[in-house]
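Quick note: the coordinates plus some simple rules give every number you see, no bench work behind them. Keep in mind it's a predicted model, so treat the numbers as computed, not measured. Note that we place each Cβ from the backbone using ideal geometry, even for glycine, and neighbour counts take in every protein chain shown.
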Amino acid sequence: MFKFEKEQKIVNAGGIKLGGQPGELPTALTATIFYIGHKIVQDKKLGIFDKARAETLINRMDELSDMTTNPFILDVVGTSVDAFKSYIDFIAKVTEAPIQIDAISPKLRMETIKWAHEVGLSERIINNSIYNGVKEAELENLKNCGVKASIILCDNPQDDSTEAKLGILPQILEMGDQAGIEGALIDTAMPSWGIGVGAGLRAIYLIKEQYGDRGAVGTGIGNVSDTLGWVKGNFSKEVKKATDAAQNAILPMIGCDWIMFGPIEFAEFVFPAVAVVDTYILTATAELGIRPLIEGGHPLFKLVG
């Protein structure tokens, strides 16, 4: 299970490399910032926030990435173009990490991406996301603005089974091609806590095996950990952190190339958990002839060397 028969594509997403065979690249970690309810946000419409605290959080992401070699993406949530401008302008100055546009409104996504293109940030942008139902105008906007990376969400609202996810994926990949997307981040659309999470988990391995030549495969585990009330209601915060770390750490074992782990504050325990598991994987795949693509660019060299 540690090496896929299908050729595995390595994609460029906002300036970082994702994908490949397990062990070739460290798992990329996506943190959400300026999310709804984030305490650092003071005015969500105008994008006013605690800059000192935001910079501290982002700097810590850079430090953790340097400590582990796991690259990171910042998933930026905004409710207006003004807010996105404020957030993205700030992030672009304090880190070189990719910036993922997370807006529920298609119009807001389009306007934000147009602005990012106008200020020369297209190469750092990841669109979140292309899914069943995205209109032609949005695909055209992505192409015209030179955005090359996007989440490809294989979500079937009528059926959350593994088979349904794989069934709808070719259609969404074709939409990505139409938009000029070269760096496809295929998302297995993990639902909230419940029996449906099994399909989101199983789909990671199956998509890598069948469509790994089309993009990097991952998922967002934050939906699960946020809605798993049993742990929060019965155990301490420390135990909840442990379960959150465990939920993220299991994903690379079944082929996950990238993980959207939730609030940026979770980075403190997610990075080391995933880095340790990445080391397990490389020591296993080394027996199969797999080596890191970048010399020294893997958690193994930090944790063991």
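Suppose every K and R has +1 on its Cβ and every D and E has -1 on its Cβ; what is the size of the dipole of the chain about the Cα centre, in Debye to the nearest 20?
Result for the chain is approximately 460 debye, rounded to the nearest 20.
Under a cut-off of 29 Å between alpha-carbon atoms, report the lysines in cross-link reach of LYS143, not counting same-chain residues fewer than 8 places apart. Candidates past the 8-residue exclusion: LYS6, LYS9, LYS17, LYS44, LYS45, LYS85, LYS93, LYS107, LYS114, LYS135, LYS165, LYS208. This structure gives Cα Rg over 2.2 N^0.38 Å, computed directly, and of [x] 0.94; [y] 1.19; [z] 1.01 that value is listed as [x]. Between ASP75 and ALA31, THR32, ILE33, GLN100, the built amide H atoms are under 5 Å apart, and every one of these is 5 or more places off in sequence or on another chain.
Pull out the extension gain between ASP43 and THR283, defined as 0.36 nm times the separation in residues minus the alpha carbon to alpha carbon distance; nm, one decimal. Spell out each step's value before the answer.
On the way: separation 240, 0.36 × 240 = 86.40 nm, distance 4.72 nm.
In short, 81.7 nm is gained.
Tell me whether segment 3-135 comes out rounded, prolate or oblate; compute the Cα gyration tensor, take square roots of the eigenvalues as a ≥ b ≥ c, and use a/c under 1.5 as the rounded threshold. Note, shape of segment 3-135 comes out oblate.
Taking GLY37, GLY19, GLY176 in turn, the Gaussian network model of the chain (Cα-Cα springs below 10 Å) assigns the largest fluctuation to GLY37.
Across the chain, the mean sequence separation of Cα contacts (distance under 8 Å, 6 or more residues apart), normalised by length, yields a relative contact order of 25 percent. Comparing mean-square fluctuations of GLY47, GLY212, GLY262 from a GNM of the chain with C-alpha springs under 10 Å, the top value falls on GLY47.
Please give the FRET efficiency for GLN210 paired with LYS143, using the beta carbon to beta carbon distance and R0 = 30 Å, rounded to the nearest 0.05.
Efficiency for this residue pair is about 0.70.
Label point of LYS3 set 7 angstrom out along Cα-Cβ; within segment 247-279, no amide nitrogen lies under 13 Å from it. Going by neighbour counts of Cβ atoms within 10 Å, the residues PHE301, PHE266, PHE235 line up, fewest first, as PHE235, PHE301, PHE266. Note on the chain: dipole from Cβ charges, positive end direction compared against LEU206, VAL94, PRO252; the farthest Cα belongs to VAL94. Phi-derived couplings, Karplus 6.51 cos²θ - 1.76 cosθ + 1.60 at θ = phi - 60°, listed residue by residue for segment 91-105: 4, 4, 8, 9, 8, 9, 5, x, 10, 9, 7, 10, 10, 6, 8 Hz, with x used for Gly and Pro. Scanning residues 5 or more positions from MET260 or on other chains, those with amide H under 5 Å from its amide H are THR30, THR219, GLY220, ILE221, with H placed 1.01 Å from N in the peptide plane. The fewest-to-most ranking of TRP193, TRP230 by surrounding Cβ atoms within 10 Å reads TRP230, TRP193. Once the Cβ-Cβ distance of GLU118 and GLU182 is raised to the sixth power relative to R0 = 22 Å, the FRET efficiency obtained is 0.55.
If exposed GluC sites (Glu not before Pro) are those in a DSSP loop with at most 13 other Cβ within 10 Å, what is the longest stretch of the chain that has none? Don't skip to the end; give the middle numbers.
Values: sites that count: GLU5, GLU7, GLU96, GLU295.
Longest run free of exposed loop sites: 97-294.
Coupling constants for segment 265-272 follow from the phi torsions by the Karplus curve (6.51 cos²θ - 1.76 cosθ + 1.60, θ = phi - 60°), and in residue order they are 5, 6, 4, 4, 10, 6, 4, x Hz; glycine and proline get x.
Under 5 Å between amide hydrogens, built in the peptide plane, is the criterion, and for LYS9 it picks out GLY20, ASP213, ARG214, GLY215 among residues at least 5 positions away or on other chains.
Dividing the summed helix terms, -39500 (n - 2.57) for each DSSP H run of n ≥ 4, by the number of residues in the chain produces a 222 nm estimate of -14000 deg cm²/dmol to the nearest 500.
Taking θ as phi - 60° and the Karplus parameters 6.51, -1.76 and 1.60, the scalar couplings of segment 203-213 work out to 5, 4, 5, 5, 5, 4, 6, 9, 10, x, 7 Hz in sequence order, x denoting glycine and proline. Ignoring aspartates and glutamates fewer than eight residues from LYS51 along the same chain, the ones with Cα atoms less than 19 angstrom from its Cα are ASP43, ASP62, GLU63, ASP75, ASP82, ASP89, GLU96, GLU265.
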